[in-house]
Every structure is written in C-alpha cells, then in structure tokens.
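The values are calculated or read from the model by the stated rules, or taken from the named source; none is laboratory data. Fair warning: this is a prediction, and the values are worked out from it, not measured in the lab. All Cβ positions, glycine included, derive from the backbone under ideal geometry; neighbour counts span all protein chains shown.
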Amino acid sequence: MNRYLRSIGYHNITNLLQLESILQDVIDTPAYRSIQSMNDGYYLAQFQKDLGNGYGISIIGEYASEKHPSEHFVIEHYYPYYYGSGQTEEESMFVEENQDKLAYTGVSNNSNLGIPLIYHIQNIMDYKLYSHYCPYEPILSEVAYSGLSVDGVIILGFEEKKTSDQRKQKSREEKRGRLISAARNGDMDAVESLTLADIDLYSSVSKRSKEEDLYSIVDSYIIPYGSNSEEYSVMGTITRYNAERNPYTNASLHTMTVQANGIELDILINDVDLIGEPAVGRRFKGIVWLQGYLILPDDYPHRETPDESQQKQE
C-alpha cells in the first residue's frame, strides 16, 4: 500500500478490500484516461480521478480490449498525486524510465541547489506519447513541482526582511547560480570561488550556532532524505495556504505553497500528520515525496477525457 495515500485523506484504510474498492472507483469513473496500443496486442492505460482541488489517485495498468477498458483490467501500480500550480524553468533536465514498472523519474539540474532534483513524473502516459511521436524534439526544461507529505511541522518564520536585504539575497543567489552553472561546464575558477564561499559559510554558521538556534540561521533547505531518491527533507516559507477536505473520507487536508532555496513547491498534507497551525509567513518543515508535472508542447497527441473518447467512438 502506498503510504502517501494518507496525504490525500486515506489514512484509515485497514484492509485490502477497502483499497480495492477505492481503486475500482477510479477505474469505473475516471476524470481522465489515456490508452495506448502496444505491439504485443494489449493496451496500456492510465486512469485518473481528481478527489479535490488538484489531488487524486492515478492508476497504471493493461487490458486486452479497447472497447471495454474497465473489464479485465490488470493494475500494474497506482499512486496518489497533487498538482503543482507554478512552473520552474530548469537549466537542464532528463527523464529515466523505471525498470520495474511503467513509471518515469525526472532529474533536473537546479542552479539554486547545486544538486540534481529527482522526482516522480505525474503525467506518465503524456510523456510516453510525447517521446513516441516527438523523439527529436528539444529537451524539456519546464516542470511544475509538488509534494505529498506524511510528516510535517509548522515553525515560526523569519522576521520580515527589508527590501534592500531581499535584493542583496537575490543577488547572491543569482551569483551563486551562475557560478554553479560555470562549474558544471568545467570552469575551475568558478569551482574555487564556490569552495571558498562554502568555507566562509561553514565558518559563519559554526560561530553563530554557539549562540543562536539552528532555525534562526537556516532560512530554507531541500535535502535528499533516506533511501528513496524521490524523498526530500524540506523547509521553506509558506507563501500561500488553503484548507481542504476530502469529500470521500471527510479528512481535513492542508495545501501550502512553499518557497525553499528559490524553488516554488506545492505541498499537500493530512491534518493528522501536521504539527502546528499553517499560515502565510510561517515555515513548513517536513518529509516530502517530490513529484513533477512535465510542461509539454500544446500541439502533441494528448490524453483524452472519457467524454472526448466517447465522442470519437460515435
């Protein structure tokens, strides 16, 4: 059972029959579905149902007849999702196919972090169609990041910074981003500058940590967490917040847009897994399963809603 089902309100599932009933409802009444004919005579499909504002369950599987997609459908895997509202343009990104199941992992080189961001791609069949029909298209560069969390804490935010301080910080981030890009291209002077800057930063933090709390020194971070390459420990400032309620389970949910290391990340968490009261200006700290929606060109073969599929058959 995917433990991040808790994030979208399914924290009271106690047996397999309950899970099967939830997944069958997604297959019977999907909001979207995508169907692809394979060379071996069977069909791959993605069924997806929105449960609330931008979140729901997606199922990947196969069956033997396109006329009756819900009959004899074999589920390969499923996952809960939450769509991000913003778009981030990355310096470079590529996609890797999972060897064990029909899933794709995105890898983006973000200049603000200095490390690759690894995330689960949400629009799996869309990308599969795009890569099939447009194999020679330019490399994609935009993605909408989001995350599901099952462990979060709300902490106080930094005092409001002066406009001049914000400009200086932005200038430093842009300079560091340029240095990281140059270092990736083999510029040894940039590598040396980054090394010296990190030494100075380490020295400054070491001195301040003797008298100050860690969270008054560190504003935000995104750090890989555990053995799952798509999970991160995240801390950032909440810039938007909204309370949600799963209409099927009546579970209280929280959606937050968090700014962490210059990245806009939309996070969904169940109220039972969150300590503290979220509000704009406060900070979220927690473990996040990072997801990404690839921004594909508009003029490529796209997935169909059930209504579009029905009209085509008629």
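Say we look at the stretch 88-102 and pick out the residues that are of a type in the set (A, V, I, L, M, F, W, C) and within 17 Å of residue 145 (Cβ to Cβ); which of these is surrounded by the fewest Cβ atoms within 10 Å (Cβ to Cβ)?
By that ranking, first place goes to 94.
With the requirement that a residue be surrounded by 17 or more Cβ atoms within 10 Å (Cβ to Cβ) and at pLDDT below 65, what does the stretch 41-75 give you?
69
Looking at residue 85, is it in a loop (DSSP other than H, G, I, E, B), at pLDDT 85 or above and under 17 Å from residue 289 (Cα atoms)?
When the stated conditions are applied, residue 85 passes them.
Quick one: would you say residue 32 is surrounded by 17 or more Cβ atoms within 10 Å (Cβ to Cβ) and modelled with pLDDT of 85 or more?
Yes: the conditions hold for residue 32.
If I filter the stretch 257-298 down to residues being buried (at least 21 other Cβ atoms within 10 Å of the Cβ) and touching a Lys or Arg at 6+ places or on another chain (Cβ under 7 Å), which single residue comes out as nearest to residue 55 (Cα to Cα)?
270
For the list (1) touching a Lys or Arg at 6+ places or on another chain (Cβ under 8 Å); (2) surrounded by fewer than 20 Cβ atoms within 10 Å (Cβ to Cβ); (3) among the β-branched types (Val, Ile, Thr), I need the number of the one condition that residue 234 fails.
Every listed condition holds for residue 234 apart from (2).
So in the stretch 103-119, with the set limited to residues that are outside any loop (DSSP other than H, G, I, E, B) and among the small types (Gly, Ala, Ser), which one is surrounded by the most Cβ atoms within 10 Å (Cβ to Cβ)?
106
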